1. Looking at A:50, A:74, A:99, which is the one that is among the hydrophobic types (A, V, I, L, M, F, W, C), touching a residue at least 40 places away in the same chain (Cβ under 8 Å) and over 18 Å from residue A:131 (Cβ atoms)?
2. Within the stretch A:180-206, work out how many residues are closer than 16 Å to residue B:94 by Cα and more than 7 Å from chain B (Cβ to nearest Cβ).
3. Failed condition for residue A:113, given (1) modelled with pLDDT of 90 or more; (2) crowded, with 18+ Cβ neighbours inside 10 Å, with all others met?
4. Look through the stretch B:60-73, keep the residues that are part of a loop (DSSP other than H, G, I, E, B) and out of contact with any His (no Cβ under 7 Å at 6 or more places or on another chain), and return whichever of them is farthest from ligand 2 (Cβ to nearest atom).
5. Only one of these conditions is not met by residue B:101: (1) surrounded by fewer than 16 Cβ atoms within 10 Å (Cβ to Cβ); (2) in a loop (DSSP other than H, G, I, E, B). Which number is it?
6. Against the condition within 16 Å of ligand 2 (Cβ to nearest atom) and in contact with an Asp or Glu (Cβ under 9 Å, 6 or more places away or on another chain), how does residue B:23 come out, does it pass?
7. Determine which single condition residue B:128 fails, assuming it passes every other condition in (1) in a helix (DSSP H, G or I); (2) farther than 23 Å from residue A:207 by Cα; (3) within 14 Å of chain A (Cβ to nearest Cβ); (4) not hydroxyl-bearing (Ser, Thr, Tyr).
8. So in the stretch B:166-188, with the set limited to residues that are surrounded by 20 or more Cβ atoms within 10 Å (Cβ to Cβ) and β-branched (Val, Ile, Thr), which one is nearest to ligand 1 (Cβ to nearest atom)?
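The values are calculated or read from the model by the stated rules, or taken from the named source; none is laboratory data. Since the model is a prediction, treat every value here as computed from it, not as a measurement. Positions of Cβ are generated from backbone atoms using ideal geometry, with glycine treated the same way; all protein chains shown enter the neighbour counts.
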Amino acid sequence: MNNVVFGRYQNKDTLVHKLDVRVKLFLMIALMVLVFLPFKAYSFAFLFLFLIISLVIAKVNFISIYRVVKPMRFMFIILLIINVLTIREGRVLFDINNFLVYDTPIYQTVYIVFRIIMLLMISTLLTSTSKPTELTYGIRFYLKPLTIFKINTHEIAIMISIALRFIPTLLEETNKIMKSQTSRGVDFKYGKFKEKTLGITSLIVPLFVSSFEKADDLAIAMLSRGYDSDKARSEYRRFKIGRKDVMSILLFILFTAVYFLLRRYTI
Amino acid sequence: MRINFNEVSFTYNSKIDYVLKDVDLELSNNQIIFIMGESGSGKSTLIQHINALLIPSKGEINLQFNDDSFVISKNHKEKRLKQIRRHCGLVFQFPEHQLFEVNVLKDVMFGPLNFTRDDKLSEEWSKDALSKLGIDKSYYQRSPFDLSGGEKRKVAIAGILASRPQVLILDEPSASLDANSKEELVKLIREIKNQGKMIIVVSHDVDLAYELADKIVVLSNGKVISYKTPYDTFNDKEIVETANLETPFVYKISDALNIEDKNLRRIGDLATYLRGKANE
Ligand SMILES: Nc1ncnc2c1ncn2[C@@H]1O[C@H](COP(=O)(O)OP(=O)(O)O)[C@@H](O)[C@H]1O
Ligand SMILES: [Mg+2]
């Protein structure tokens, strides 16, 4: 739980940080679509390589992604077991006491794990290179068409960015409460099942209480500083699409073209 | 009982600087020890080591209790962490954030139950701890969330005391407390000391430290720069300056009047002393 940097803006000076947030959001969503297309080995390897290079350019710490993936390993193992038990097709790999293990469930699990890791890479790329205020602006930009239906897009955008902003705070809070319950004798790691469930209660209740208190404080602080959700906001920042943005979009189009060519002509 | 830090260094993240650097400390007997230093100097990090919530990156900590001893270090996998936590009660900063049970009594019983698994004993110890903190029977069935800030803090402290630790560690207990609650806190700390326990207090309150401490540890940038009696600590201008400490009121007056009596630690003591001088 310590040192969680996932979801937190990292103040660095890189090409990715400098891109317009609207362009970044568009590229991220496009990348996610590519990740969700049916699995094909070469095109996915290419996509993976592209993500790695982007993360390197953005100077994102790979350890931070590893830290998020690591606790999921049990989930992955359970997924593998369920797949092996339920998907009964493909080539037989081996035979354990008359129980046949096929290759398809193993491939399926690998595809899913691979996809999850790539999604994490994409969201880390976005959140660690864009400030919450920029994200609000970007989300609002794409929600603008909804104003025709009298939907308060600013409110939605501000809700999303507050949620993003509170992820690290909540993780810190969780860490703190976990520590103080540990010193009251809770064993979150090795305790028996009953102890663990009680331990979780002792974590969740204070977390909820403090979240509601924080939300209340924030709402009051916003009101007292004159926040009015109905008023149209004036932008004090001018976002402009520049040469870097255009280059990135062109590069992405080129990448997408290669991606689809690979899908078409390879396995 | 004795707590020994041997060359303890600690880092939260190996890429960042060490938060504690080569800390050597011996805390012993039933003393009141204050830990002082600027924000971020590593006070909270230091005390979480005593409770084995953090394990030293280098060096080791030896804990010697009345009937048992422990070693905490990276290489030595101590399996009895729960015992350590029972012996060293740690009250976190803003402990009221840890309350969660449906009523006050149950919340205080949470710790002792975890450690002893004995309902009757836990209840007895909890009621005892609550009465020490001035929380009477009428509070037992109330929800901890309906109490005032000061009352919540008392319940949370009772929740640690109820496990009857041999060492009590308090992280900034007087932060945002009103004058009355602070006075009660002073009384409580004295009373616990009289029971033969060791008390470690992290605090920015120099007057409180001057009045209560047997010894003061001063941290600066993760290093222990001084470990002396209150008078000697504040009499050392270099330490006061390096750690950016305020000067206690009683020390300031004694210093201005050129009184070199190390036993004047409270305003009351000072008044008695001055009255005596005036009568001479
Ligand atoms: N959980 C943590 N993860 C990373 N760094 C931390 C953590 N807790 C504290 N630190 C850092 O360690 C240093 C010392 O913190 P702390 O022990 O809380 O100081 P103090 O209690 O004296 O104010 C600070 O620089 C702080 O930023
Ligand atoms: Mg602290």
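1. A:50
2. Adding up the residues that qualify gives 1.
3. (2)
4. Filtering first and then ranking leaves B:67.
5. (1)
6. yes
7. Just one mismatch for residue B:128, condition (3).
8. It comes out as B:169.
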